[in-house]
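Asker: Pasting a structure below so you can have a look.
The values are calculated or read from the model by the stated rules, or taken from the named source; none is laboratory data. For clarity, every value in this text was computed on a predicted model and none was experimentally measured. Note that each Cβ is placed from the backbone with ideal geometry, even for glycine, and that neighbours are counted across all protein chains shown. Quick note on the areas: whole protein, heavy atoms, side chains included, nothing else; ligands and nucleic acids left out. Shrake-Rupley method; radii C 1.70, N 1.55, O 1.52, S 1.80 Å.
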Amino acid sequence: VQLQASGGGLVQAGGSLTLSCVVSGVAFSTYGMGWYRQAPDLQRELVAGISSRGITNYVDSVKGRFTISRDNAKNTMYLQMNSLKPEDTAVYYCYAQSWGAIHYWGQGTQVTVSS
């Protein structure tokens, strides 16, 4: 099983990035997916999730700015991040879950937002 995250980078405050997570080795459409992030010296934080049926949820701090989506035909999940803020700076990790438990993690992708 592989979860390949990409799309991170350096962006100015107010800018946008789109993260992608390509999944292989599992039946992607049957898994809930999502993104966590971890900034230095802070706890890991759940940013957004999307169920196998497309139901989404977000942490309050990103509501209205981030959009999570999935393309089951491409085995890919996305996180569109707009109006980025310096406090969004973190390593972002994608995950796949089923039956309420996270089974697989991707490698992190660094997002850095400069002020």
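Asker: Check each of the trypsin sites (Lys or Arg not before Pro) in the stretch 1-102 and keep only those in coil by DSSP with at most 16 other C-beta atoms within 10 angstrom; list them in order.
Answerer: Listed in order of number, the matching sites are Arg44, Arg53, Lys63, Arg65.
Asker: Given contacts defined as C-alpha pairs under 8 Å and at least six residues apart, what's the relative contact order of the chain, whole-number percent?
Answerer: The value is 36 percent.
Asker: While we're on this one: How much length is gained on full extension from Gln43 to Ser6, taking 0.36 nm per residue of separation minus their Cα-Cα distance?
Answerer: 11.2 nm
Asker: Quick check: net charge around Tyr36, other residues with Cβ under 15 Å of its Cβ, Lys/Arg +1 and Asp/Glu -1?
Answerer: Its environment carries a net charge of 0.
Asker: Something else about it: Around Tyr93, with a cut-off of 13 angstrom between Cβ atoms, what is the net charge of the other residues, counting Lys and Arg +1 and Asp and Glu -1? Mind showing how you got there, number by number?
Answerer: On the way: positive: Arg37, Arg44; negative: Glu45.
For residues surrounding Tyr93, the net value is +1.
Asker: About its Cα centre, what dipole magnitude does the chain give when the only charges are +1 on Lys and Arg Cβ and -1 on Asp and Glu Cβ, stated in debye to the nearest 20?
Answerer: Taking the Cα centre of the chain as origin, the dipole is about 240 debye.
Asker: Taking the Cβ of Val62 as the center, what net charge do the other residues with Cβ under 12 Å away carry, scoring Lys and Arg +1 and Asp and Glu -1?
Answerer: 0
Asker: What do you get for Rg/Rh over the chain if you use C-alpha atoms and the Kirkwood form of Rh?
Answerer: 0.95
Asker: For Ala73 and Gln107, calculate 0.36 nm times their separation in residues minus their Cα-Cα distance, and state this gained length in nm to one decimal.
Answerer: Gain in length upon complete extension: 10.0 nm.
Asker: Roll a 1.4 angstrom probe over the protein heavy atoms and tell me the percent of accessible area of the chain that is carbon or sulfur.
Answerer: Reported share for carbon and sulfur atoms: 48 percent.
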